[in-house]
Amino acid sequence: MKNNQVWYRSTRGDREIVTASMAIMRGLAPDGGLYVPDHLPRFPMSMRDYTQMTYQELARHVMGLLLTDFSERELNACVTAAYDEKFDTEAIAPIMCADGSYYLELWHGATMAFKDMALSILPYLMTCAVHRNKEDKEIVILTATSGDTGKAALAGFADVPGTRIIVFYPKHGVSPIQERQMVTQAGKNVHVIGVEGNFDDAQTGVKALFTDEALIRRMEEGGFRFSSANSINIGRLVPQIVYYVYAYAQLLKEGEIGSSYAVNICVPTGNFGNILAAYYAERMGLPVHKLICASNSNKVLFDFFRTGVYDKNREFILTDSPSMDILISSNLERLIYHIAQDDSDKDAALMKRLVREGRYEISAEMREGLKLFTGGFATEEECAKEIRDVFEETGYLMDTHTAVGSAVHRKYREETGDDTATIIASTASAYKFSRAVLNAVEGRPMRASAGSDDDFKLAAKLSHLTETPVPAPFEALKGAPVLHDTVCKIDEMKDQVTRILGL
Ligand SMILES: *Cc1c(COP(=O)(O)O)cnc(C)c1O
């Protein structure tokens with residue numbers, strides 16, 4: 001073990017501290033809380049130094065600061081295996097300037113969404129963690145997805161020895177391409193199940209299985225242990241810190257900003273994982289002026305930042321940014337814990353209230369800790385207009401999720417006059433949401449049906465119209481056979497798991 005060891009404890013009880021590898025292997029703490037670092041180390045070098053590093057070098061460096069019980073050799077192997085030709089650009093996460101903003105493109109991996117940034121490496125981290133902790137049980141990755149995590153996790157864990165993966169997705173809450181990506185996934189150890197419910201139902205169902213003591217006992221007897229590929233796993237969050245530092249270093253290198261200039265970062269948000277990684281980066285020393293949390297019409301986070309009240313008692317709206325259709329943002333719990341001065345009792349009490357009443361209010365003192373953040377939201381019409389306007393003016397094409405970030409940032413700039421250089425997280429390829437994007441570009445509402453064309457025809461049209469290439473992973477879906485067609489009710493999720501594992 002190195003000096004400056006970082007330990008992990010649960011947001012709901014800090015009696016037990018564990019290593020990073022143990023936290024990754026478990027996914028969720030036994031008390032149902034999320035693992036958080038006991039402190040955030042400062043970056044030991046200047047941002048100027050980081051301009052000299054490749055994505056892989058920076059990933060090794062930044063992840064090494066937080067995953068302190070992994071050896072350098074292990075991290076090196078994980079990074080090298082993860083960030084390779086699976087990405088269609090050497091930059092891994094290129095940054096594009098359009099209309100005065102910087103779009104950090106996080107979708108150049110195998111599944112065309114930002115989840116690849118962390119899920120390309122998580123299986124390798126998990127395998128190391130299993131060895132390190134001499135775990136002899138088979139790891140069962142249990143995951144709920146709002147569309148993109150599912151495919152990225154399936155692709156990452158397919159045929160990884162010593163693991164199985166079970167993905168639950170909302171049967172009517174993902175895009176056709178997202179569903180197709182999942183149900184065509186090959187691999188001896190992969191299972192994909194549609195759930196009759198929304199993402200929150202699936203996520204709550206999965207969390208309940210994680211803390212179901214009778215089930216866990218049966219699993220142990222059968223030689224299994226649960227873990228998670230959702231952003232509740234700290235092994236998802238740590239790799240996401242890297243690209244914010246990388247983006248800053250790129251802007252510095254290209255002379256777009258000066259040394260120690262504080263940027264804004266705007267993140268289209270659902271489960272609050274991506275923006276939490278930006279918050280951790282800031283706490284580690286990345287110069288940030290504002291973190292802009294962008295929501296779609298499910299604007300529970302916007303209301304929270306405005307009022308200090310988190311209230312999920314509202315209608316769940318299906319939008320054209322389905323990966324952000326979430327009313328229970330799991331990772332907000334980590335922020336709540338930190339702004340309560342790492343007080344797990346306070347956090348546990350608020351989370352209990354969330355389960356019981358569907359709402360909680362934070363204290364004025366805790367609200368002080370939110371000063372770095374500002375919230376915004378964009379309607380479906382605003383997103384469609386954003387896609388169209390930016391495309392017409394600059395030729396830059398964005399997907400429906402990135403459009404939420406972009407539209408929110410535009411409104412923020414107009415309302416506040418804050419014209420700080422802003423990095424907008426671009427979280428998916430436009431081709432993943434071809435129908436909605438094509439409709440937007442052609443001036444129709446995103447939901448309008450574009451005739452009877454299938455998604456491949458739509459992608460070809462989008463490609464022709466915008467003169468951008470259809471990504472290779474999209475083409476590969478054509479003709480891929482459907483391998484998974486199970487659908488279950490919310491209260492049947494446990495039965496599905498025991499059936500799959502033969503318990
Ligand atoms: C998952 C996802 C988001 C939301 O990210 P969180 O970390 O859940 O806040 C936004 N856009 C896309 C395309 C996604 O897949």
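Below is a table of values for the structure above.
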quantity: Cross-link partners of Lys494 among lysines (Cα-Cα below 30 Å; sequence separation of 8 or more within a chain); calculated: Lys115, Lys134, Lys137, Lys151, Lys171, Lys188, Lys207, Lys312, Lys352
quantity: With all protein chains modelled, accessible area of Asp84 [1.4 Å, Å²]; calculated: 50 Å²
quantity: Share antiparallel - DSSP beta bridges, the chain, percent rounded to 5; calculated: 25 percent
quantity: Mean Cα-pair separation over length for the chain, i.e. relative contact order, pairs under 8 Å, 6 or more apart, %; calculated: 18 percent
quantity: Listed residues Tyr243, Tyr396 arranged by accessible area, highest first, probe 1.4 Å; calculated: Tyr396, Tyr243
quantity: Given charges at Cβ of Lys, Arg, Asp, Glu: the chain dipole, positive-most of Asn4, Thr486, Leu252; calculated: Asn4
quantity: Accessible area in square angstrom per residue, the chain, 1.4 angstrom probe; calculated: 38 Å²
quantity: Heavy-atom accessible surface of the chain: percent carbon and sulfur, 1.4 Å; calculated: 48 percent
quantity: Heavy atoms of Arg388: accessible area, 1.4 Å probe, square angstrom to 10; calculated: 90 Å²
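The values are calculated or read from the model by the stated rules, or taken from the named source; none is laboratory data. Being a predicted model, the structure only gives us computed values, none of them experimental. Virtual Cβ from ideal backbone geometry, glycine too; neighbours counted across all protein chains shown. The accessibility values were calculated without ligands, DNA or RNA, using every heavy atom of the protein model including side chains. Shrake-Rupley method; radii C 1.70, N 1.55, O 1.52, S 1.80 Å.
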